[in-house]
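K.L.:
For reference, the structure I am asking about is given below.
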Amino acid sequence: MAKTITLEIVTPDKMVLKEEVDYVGAPGINGEFGVLPNHIPFLSALGIGSLYYKLNGKKYFVFVAGGFAEVSPAKVTVLAEVAERAEDIDLERARRAQDRAEQRAKQQQEKLDHAAVQAALARALHRMKCRQTAVSEGTCRM
């Protein structure tokens, strides 16, 4: 029985991560799911949040927003709209995005797309949470 599983995280722009890992936890659209080596195959839409993986007893974090995860017994392939390793997250940029989203939410315009505003706010908040969690776990290279 295999002891590790290959994790690949890809966005339309680049390969974010390719690593042999012990475990993967991901934010599915209907809740978080976990994957160990030799997992049964399945496909899941991804929500917004922190994907994490375990390697040699340590947790590492990647912010993901949208896309899909394909699981096979030997591999987890994440095709994400947005993915950033925790150490690559610019907290100032995320705070500015949060401020912009909150300001747009306060506007009382008829044409305001509330779903888009809420999605932007969720991305900013989860991006910051991913970075802060990685820092507190001690797995974020600064």
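The values are calculated or read from the model by the stated rules, or taken from the named source; none is laboratory data. These numbers were taken from a predicted model, which means no experiment stands behind them. All Cβ positions, glycine included, derive from the backbone under ideal geometry; neighbour counts span all protein chains shown.
K.L.:
Tally the residues that are of a type in the set (Phe, Trp, Tyr) and under 11 Å from the mean Cα position of the chain (by Cα), restricting the search to the stretch 1-52.
P.N.:
Count: 1.
K.L.:
Do the conditions hold for Glu8, that is, is it among the acidic types (Asp, Glu) and within 19 Å of Arg131 (Cβ to Cβ)?
P.N.:
Taking the combined requirement at face value, the residue does not satisfy it.
K.L.:
From the set of residues in the stretch 106-142 that are of a type in the set (Lys, Arg) and part of a helix (DSSP H, G or I), which is modelled with the lowest pLDDT?
P.N.:
Lys106
K.L.:
Does Ser44 satisfy being among the polar types (S, T, N, Q) and farther than 17 Å from Arg85 by Cβ?
P.N.:
Values: among the polar types (S, T, N, Q): yes; farther than 17 Å from Arg85 by Cβ: yes.
Against the criterion (among the polar types (S, T, N, Q) and farther than 17 Å from Arg85 by Cβ), Ser44 qualifies.
K.L.:
On to the next question. Taking the stretch 70-88, which residues are in contact (Cβ under 8 Å) with a residue 24 or more places away in the chain, outside any strand (DSSP E or B) and surrounded by fewer than 20 Cβ atoms within 10 Å (Cβ to Cβ)?
P.N.:
If the condition is that a residue be in contact (Cβ under 8 Å) with a residue 24 or more places away in the chain, outside any strand (DSSP E or B) and surrounded by fewer than 20 Cβ atoms within 10 Å (Cβ to Cβ), then Ser72, Pro73, Ala74, Glu87 are the ones that fit.
K.L.:
Restricting attention to the stretch 34-61, report how many residues are outside any strand (DSSP E or B) and either modelled with pLDDT of 95 or more or buried (at least 22 other Cβ atoms within 10 Å of the Cβ) (or both).
P.N.:
The number of residues fulfilling the criteria is 6.
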